[in-house]
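First the structure, in the form of structure tokens, and then the observations on it.
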Amino acid sequence: MQQYREIKARHQDAILFFRMGDFYEMFYEDAEVASRALGLTLTSRNNGGASAVPLAGVPVKAASEYLKRLVQQGFRVSICEQTEDPKLAKGIVKREVIETVTPGAAFSDDLLDGSRNNYLCALHRSGDIVGVGCTDLSTGELRLAIVAAADLDATLARFTPREIIIARGEEFGRTLKGPLGEEGPMVTEREGWEFDAELARDQLLQHFQVASLEAFGIGEADSAAVSAAGALLRYLRDLQPSGTPHLGRPKIERPGGTMPLDEMTRRNLELVDSMRGEVSGTLLAVLDRTLTPMGARLLRHWLLAPLVDRTQIEYRLDAVSALGDILVRQALREALDGVRDVERLAGKTAAGRATPRDLRALGDSLARIPEIEAAIDRTHPRVADGRWAFARQMNAWDDCDDLCKEIQRILVDRPPITIGDEPSICAGVDSDLDNWRGLRDGGKDAIARIQAEERARTGITSLKVGYNKVFGYFIEVSNSNKHLIPGDYQRRQTLTGAERYVTPSLKEYEERVLTAAERIEQRERELFEKLRSRVGAQVIRLQTLAQVIAELDVLAALAEAASREGYTRPELTDDFALEISAGRHPVVERMMAREKFIPNDTALTEDARMIILTGPNMAGKSTVLRQVGLIVLMAQVGSFVPATRARIGIVDRLFTRVGASDNLVRGQSTFMVEMSETSAILHTASQRSLVLLDEIGRGTSTYDGISIAWAVSEHLHNNIGCKTIFATHYHELTQLADNLGAVRNYNVQVREVGDQVLFLHRLQPGGADRSYGIEVGRLAGLPGPVLDRAKELLHLLEAEQIVPRAKRASGRPAASDDQLALFSAVNHPVIEKLKQLEPNTMTPLQALEMLSRFVDEAKNQRERT
């Protein structure tokens, strides 16, 4: 217990799994917490102390499941192992913490999702700039980023870290919370000095053994990111005492390389998660035809980080075009189909955590690399202008054939997960191992050989060699042949008609046989660890190859989606215009028969940069907004798009504000959330941005809503000048086209057939004159009386004849059969008198007198009401 307390004192913020034989034991508060979190039985034991100690334990063989559950609940778990053989220990067995597992630092497949990275991020603020250090411990990926403080949310949304490290006392506000109050990442506070720039720089230089960070393209202006990376490395050193040799060379990201996507845009466009929190019904679900785990992770990363450099986008589009040949694409995808997660397998191998089965999977994956290379080579003659679409990938190509051959030469085809269960090393690799195996597996033959040798030596033809558990191997000689016994025979057992003996050579053989299994396991472990070490030392080569394979997998997936879904290559330009012909929503069209989806054209130019889109509910306004946003985003990812033609001026930011939601956790109403999101757009959008708005202002009173929507539209048109589509039910906004030169009105076409409304889902110029809300209510199944009353009220409102019902002097409404009606129609007395007039019989003077009298009556009536 003294040993436990000493180790626990160094890991107070974690649950300590303390190895004791076949169990991981937890004591004191750790036991109480774990028993509640895991449903374990809490016991107590007097471990040499003055009183009983709370105790809970889990079997070592089942520990991974318990570890997974604790980490998923946000706990840290330190694994304390026995670091010496208990048989050889003198006194207390030595124990050490070999790793601390946290949500952001995990190697086990049980704790990881193969389709997404498991990032651990460190943040360091420097004025209006935030430095980000980000790593996926399972793959060894290390990224540094410099981001504006205003774009930090978008950057973290792209990485979606499971854990964030910050300096103690540093505030990042909502950034560290989950979207809409959902559970966010674990936040770990470290001492402020760990983020010191000079100290961090020295750590990076030492870890990567370079003389200058300029070798990685990191300069003085990147000091904020360097500070974050230094704190990240120090934290990893605490979590992984054995080191992190598999960390790849850092890649630096600076503002302007990718398009930041804020939370509302990601949610509204349903890029990787639907509104229900599922992958189905998202753009990712439509495009993800990847065949490897690292390809799936990279596609997710690309969708959350569209490019803004046209040259880089064209490289991707060229590659997708080159894979338009179905034979080439099919050959490539067939080769990729057998490739496992090379990136994570390489990381586990370098970190000394790969099992024999992991290492063999890595070797089998490498064996498919020549087929991938052959498929890519077939695209070479198909490229125009002398440019090869895959030149960049193949310039970094390394098939790692030597590693593949080494792994397949040494490991059996189907090795076990752990050494000792079944053979792991091939026959013929090591002579000592083969001899031990022969000794273990050839027992009967060896006994027969010894028996024959002893019969020949002694002349006793009835001599037998046998074995039992008490005496081990023995030589049995009948009493009639005792006189022929050699002098080196040692008596072991006397039977009724025979004697049993042993010899020095037989005892030596017995010892060798009994220790053969142990020696085999020990030798296999030595050979495997040497192989793992040799392969792990080449982790940079493996990581580079994994990145190339991931890119090829994503490009092939995009080409497959384009072919199957009928997408076309977009034309990217550096000018302002956005022109989409027969555009479709990539997700919605998958949910219905292809011929049922109605495509639409969209055009935005500098002279017509804002569209006010009106039309009834359910006509498809939100679908049009989202499909325009998705087409632009897909194009800048490097994908073909669902349209017959698309000419897209590259946008620097994409904003969408579609639908309404409140945030009770943050104490924000629907309207407050709407205004906050709109405010972020107005403060961040530039002339090169694309803004897609739906129903701004509907969360408040009609006049307030129209006023806000009108002012927002004017600001976007006059002050920002960006491309904008504004869908609204405020038909008054169509008047903007009369006052603002670059505003155009469009509506979604509807056809009325009797009392029925047919939604044509087709855009046409001009504004809509009504919203058909009552007709939609009928489709939703509202009761008939409700619909009839709504129609009456609508007619009165449209005729501007509804006035508050008469009240008594007490202020209460007069009693009547329709007391519960919201409104009552009362004709004004002046109107009743007007109905009785005959203007043709009146002189001009009489008409003026009557007009004067009506004015007075109207004024008096207003004062009385």
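The values are calculated or read from the model by the stated rules, or taken from the named source; none is laboratory data. Keep in mind that what you see is a predicted model, and the values were worked out from it rather than measured. Using ideal geometry, Cβ is built from the backbone for each residue, glycine included, and neighbour counts are taken over all protein chains shown. For accessibility, only protein heavy atoms count, side chains too; no ligands or nucleic acids. Shrake-Rupley method; radii C 1.70, N 1.55, O 1.52, S 1.80 Å.
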Self-check item: Where labels lie 7 Å past Cα in the beta-carbon direction, separation of HIS795 and ALA391 in nm
Solution: 7.4
Practice problem: Work through the residues other than LEU654 whose Cβ is under 12 Å from its Cβ and net out their charges, Lys, Arg +1 and Asp, Glu -1. | Solution: +4
Self-check item: Percent of beta bridges antiparallel (DSSP, the chain, rounded to nearest 5)
Solution: 65
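Among DSSP beta bridges lying fully in the range 79-168, give the percent that are antiparallel, nearest 5.
90
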Practice problem: With a 1.4 Å probe and every protein chain kept in, tell me what percent of the accessible surface of the chain is carbon plus sulfur. | Solution: 49
Practice problem: Let me have the 222 nm mean residue ellipticity of the chain computed from DSSP H runs of 4+ only, each contributing -39500 (n - 2.57), with the sum over all residues rounded to the nearest 500. | Solution: -12500 deg cm²/dmol
Quiz item: Among the listed pairs LYS469/LYS507; LYS596/LYS621; LYS90/LYS507, which are separated by more than 19 Å between their Cα atoms?
Solution: LYS90/LYS507
Practice problem: Would you mind checking the tilt of helix 310-322 against the longest principal axis of the Cα atoms of the chain, expressed as 0 to 90 degrees and rounded to 10? | Solution: 70
Quiz prompt | 19 Å Cα-Cα reach of LYS8 towards lysines, excluding residues that sit fewer than 8 places from it in its own chain | solution = LYS94
Quiz item: Helix 621-637 versus the longest principal axis of the chain: what angle, 0 to 90°, nearest 10, using Cα atoms?
Solution: 40
Quiz item: Within straight cross-link reach of LYS859, meaning Cα distance under 26 Å, which lysines are found once same-chain residues fewer than 8 apart are removed?
Solution: LYS807, LYS833, LYS835
Exercise. Give the long-range amide H neighbours of HIS761: residues separated by 5 or more places, or on another chain, with amide H under 5 Å away, using H modelled in the peptide plane at 1.01 Å from N.
Key: GLN749
Quiz item: To the nearest 0.05, what FRET efficiency results for MET850 and VAL786 with a Förster distance of 51 Å applied to their C-beta separation?
Solution: 0.75
Quiz item: Roughly what angle does helix 539-565 make with the longest principal axis of the chain, taking Cα atoms, 0 to 90 degrees, to the nearest 10?
Solution: 40
Self-check item: Cα centroid separation, the range 517-565 to the range 574-594 (Å)
Solution: 38
Self-check item: Label-point gap, in nm, between ALA456 and THR496 - each point 7 angstrom along Cα→Cβ
Solution: 3.5
Quiz item: For the range 673-741, what does the alpha-carbon gyration tensor say about shape, rounded, prolate or oblate, given a ≥ b ≥ c as the root eigenvalues, a/c under 1.5 as rounded, and a/b over b/c as prolate?
Solution: oblate
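Return one whole number: the accessible area per residue of the chain in Å², for a 1.4 Å probe.
Working: 41880 Å² over 865 residues.
Computed with neighbouring chains in place, this is 48 Å² per residue.
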Exercise. In nm, give the distance between the simple-model label positions of ASN860 and ALA582, each being 7 Å from the Cα along the Cα-to-Cβ direction.
Key: 7.2
Quiz prompt | Neighbourhood charge, 11 Å Cβ-Cβ cut-off, centred on ARG125 and excluding it, Lys, Arg +1 and Asp, Glu -1 | solution = -3
Exercise. Only Lys, Arg, Asp and Glu count, each charged at its Cβ (+1, +1, -1, -1), so figure out the dipole size of the chain about its Cα centre, rounded to 20 debye.
Key: 1900
